[in-house]
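The block underneath contains the structure these notes are about, expressed in C-alpha cells.
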Amino acid sequence: MKRRNFLKATTLAGFGFTFPQALSANNQKATKEIRDTFSLTGNKASIYTNSNIKTTRIFHITDTHLSLDDERGDAFKEFSKRMAGAYKSNEQFETGEQVTTIQSFEQTLQRAKDEEADFLALTGDIFSFPSEAAIDWVGKKLEETGIPYGYIAGNHDWHYEGMKGSSNNLRKTWTEKRLNSLYKKNNPLFASYEFNGLQLVFIDDSTYEIEPEQLVFLKEQIKTDKPFLLFLHIPLYIPGRSMGYGCANPEWGAESDKNYELERREQWGKGGHTETTFHFYDEVFNAQNLLGIFAGHTHQPAIDLKNNIPQVVSGHNATGYFTHIEINPA
C-alpha cells in the first residue's frame, strides 16, 4: 500500500508511548485525496495534506485563565472571588519556573512572533471570568502582534459564578457586554477563516452543547471539500476519556455533573445531550476534508484518533503551554 494510505507512527514526546494507525479500508479512497500524515512531538503537531495549500503555522492557545481586574470589576467580586484567586502562580511547562498567567500569555505571543506564526487560534478560558480589564488587555496584546487570530469562548470566559441565569443566557449576555470585541464582527458561536488554502473553523461548544445553527454551519464547511481544521473549547467525546471530553459524551447530564455546586452554575441537563449535539459529533468524525480537531478545557495535553481524524487537546496556557500546529503540502 502506498505511503499516503497510512497515518504514520505518531510519537508523543513526553507522553511515553508511540502508536501507528493505518487508514481503514472504507476510508482509504476518500482520505487520500486530502489527508496524508500526522505526527505530534511534544507540543508540535505536523499535518500533511494532499491539497493545494501553503505551509501554515498556527499557535493554538487555550485556558490561560487570566484574572486581571480593576475598579470596573468591583461590583462583581461576589461572583469572581473564587476564580480570581486561582492560577496565581504556575509552573512553566518547559523550564519549571514559576510564572503568572500574564507572563505566560505575553511569552506565548512573543514566541508566536519569533517563530513567525501565521495565525493565532484561541479556544476559550483565556479569562477566568469576563473581566473588562482582562478582555481589554488581551485585545490590545493580540493587536500588537500583528498576527491574525480567531477566538471562541470557554465555559469560564462568560461565567460569573453564582450569577443567576441559564448557561445560554449568560453566554449571550456577557458576549454582548464584554467579549464581543474579540470576535471582530464574526458570529460568536461560529466562524471560518480562509487562510493559505485552508479553512480554520471555530465553533463554540462552551455550554457542552451544539446549537442547530452551528450544525448547519459545520455542514457548509464540509460541503466545500476544502481542507479544514476544527477548533473547539470542550473536546469531543472519546471512549475511555474523562467527562472533560464532554461534548457528545453519552454519559453527560445531571447525574455526571459533579462540579455545578462548586462552580455555582446551572446543573447539566437531566435528559443528557440534544440530538443536534450527537448529529454534530457524527458529522465531524465523518468529514472527509477534516485534517484535525484542536481543543482545550481539560488542561492536560492529549491526542486521540477516531476514523483517522486526530483530536489534539492542548495543555493550559496558564503554564505557558501552546500547541504549535504546522500544516504542509504532502
For the modelled label position 7 Å from the Cα of residue 94 along Cα-to-Cβ, which residues of the stretch 37-68 have backbone nitrogen atoms closer than 12 Å? 43-44
Hey, for a label at residue 255 modelled as a point 7 Å past Cα toward Cβ, could you say which residues of the stretch 268-306 have their backbone N under 17 Å away? 268-274
Once both labels are modelled 7 Å past Cα along the beta-carbon direction, what's the residue 330-residue 196 spacing in nm? 1.9
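Could you compute the net charge surrounding residue 190? Neighbours are other residues with a C-beta less than 12 Å from the C-beta of residue 190; K and R count +1, D and E count -1.
Residues close to residue 190 contribute a combined charge of -4.
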Reachable lysines from residue 172, Cα under 30 Å, same-chain residues fewer than 8 places away excluded? 77, 81, 88, 140, 141, 164, 184, 185, 219, 223, 258, 270
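Run the helix sum for the chain: -39,500 (n - 2.57) per DSSP H stretch of 4+ residues, divided by residue count, reported at 222 nm to the nearest 500 deg cm²/dmol.
Working: 7 runs with 77 residues, N = 330.
About -7000 deg cm²/dmol.
What does DSSP give for the stretch 144-241 in terms of the percent of beta bridges that are antiparallel, rounded to the nearest 5?
Working: 6 of 10 bridges.
In the stretch 144-241, DSSP labels about 60 percent of beta bridges as antiparallel.
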Excluding ligands and nucleic acids, what accessible area in Å² is computed for residue 111 using a 1.4 Å probe, to the nearest 10? 80
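Could you please report the charge total around residue 207, scoring K, R as +1 and D, E as -1 over all other residues with beta-carbon less than 12 angstrom from its beta-carbon? Present the calculation step by step, with values, prior to reporting the outcome.
Working: positive: 171, 172, 265; negative: 157, 204, 205, 209, 211, 266.
Overall, the nearby charge balance is -3.
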Quick one: divide the alpha-carbon radius of gyration of the chain by 2.2 N^0.38 Å and tell me what you get. 0.96
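The values are calculated or read from the model by the stated rules, or taken from the named source; none is laboratory data. Bear in mind the structure is a predicted one, so any value in this text is a computation, not a measurement. As a convention, Cβ positions derive from the backbone with ideal geometry for all residues, glycine included, and neighbour counts pool all protein chains shown. All accessible areas refer to the heavy atoms of the entire protein, side chains included, with ligands and DNA or RNA removed. Shrake-Rupley method; radii C 1.70, N 1.55, O 1.52, S 1.80 Å.
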